[in-house]
Amino acid sequence: MTHRHHLIIDGLGQAILIIFYGLLLGKSQSADELLLLFPIFLTAWQFVNGVLSYKFFERDSKKTYVRMCSTVIIVLSVFWGLLWVLQNIAQINNFINNFADSFLPVFWVLMPIICGALAIWYVYITIKDLYNMMYNTI
């Protein structure tokens with residue numbers, strides 16, 4: 001498989017995922033919950049394909065995206081791990097539980113926004129790469 005094949009498969013996969021969620025959104029009774037999950041699933045798909053493109057095909061166009069997305073995932077994992085460790089300390093358990101209860105609604109609002117920004121960035125990179133592949137090749 002070449003970078004060209006991977007790029008075409010990646011673009012088609014993203015298009016199919018977006019169309020699938022669009023059709024699912026039209027038939028859903030709880031569209032707001034589905035809209036919260038869409039950028040998270042799209043970012044997960046794009047992160048995997050970004051890693052494949054960057055590591056196996058050595059394309060620098062996705063290097064910054066992979067590093068930024070990895071940093072976001074690591075920061076969120078460390079935050080939740082630290083919160084879990086602090087909840088197990090008896091002296092500050094009540095304070096951490098109150099903080100977690102007040103922060104969870106904010107987190108579930110920020111998570112789709114962050115993932116949506118990452119997804120739009122990756123779609124831009126993919127469209128730019130597809131354009132360069134189709135029209136700017138010698």
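Accessible area of Ser61 (1.4 Å probe, protein heavy atoms only, ligands and nucleic acids ignored): about 40 Å².
Averaging Cα coordinates gives a centre for the range 27-60 and one for the range 91-138; these two points are 10 Å apart.
When nucleic acids and ligands are ignored and a 1.4 Å probe is applied, Lys128 ends up with an accessible area of around 90 Å². Take the chain with all the other protein chains still there, run a 1.4 Å probe, and you get 68 Å² of accessible area per residue.
Axis angle, to the nearest 10 degrees, between helix 63-87 and the longest C-alpha principal axis of the chain: 20 degrees. Helix 3-27 and the longest principal axis of the C-alpha atoms of the chain enclose an angle of approximately 60°. Were the residues from Met133 through Ala117 laid out at 0.36 nm apart, the gain over their Cα-Cα distance would be 3.3 nm. For the chain, the fraction of 1.4 Å probe accessible surface lying on carbon and sulfur atoms is 71 percent. When all protein chains stay in place and ligands, DNA and RNA are ignored, the 1.4 Å accessible-area order of Met111, Met1, Met134, largest first, is Met1, Met134, Met111. Length gained on full extension, Ile89 to Val75: 2.9 nm, using 0.36 nm per residue less the C-alpha separation. The slack between His3 and Ser61, meaning 0.36 nm per residue of separation minus the straight C-alpha distance, is 19.7 nm.
Placing one equal scatterer on every Cα of the chain and applying the Debye formula, the log10 ratio I(q)/I(0) at q = 0.16 Å⁻¹ is -0.91.
On a 0 to 90 degree scale, rounded to 10, what angle separates helix 31-56 from the longest Cα axis of the chain? The two axes meet at around 60 degrees. With the helix formula -39500 (n - 2.57) applied to DSSP H stretches of n ≥ 4, the chain reaches a computed 222 nm mean residue ellipticity of -31000 deg cm²/dmol.
The values are calculated or read from the model by the stated rules, or taken from the named source; none is laboratory data. Since the structure is predicted, the reported quantities are computational estimates derived from the model, not experimental observations. Heavy atoms of the whole protein, side chains included, go into the accessibility calculation; ligands, DNA and RNA do not. Shrake-Rupley method; radii C 1.70, N 1.55, O 1.52, S 1.80 Å.
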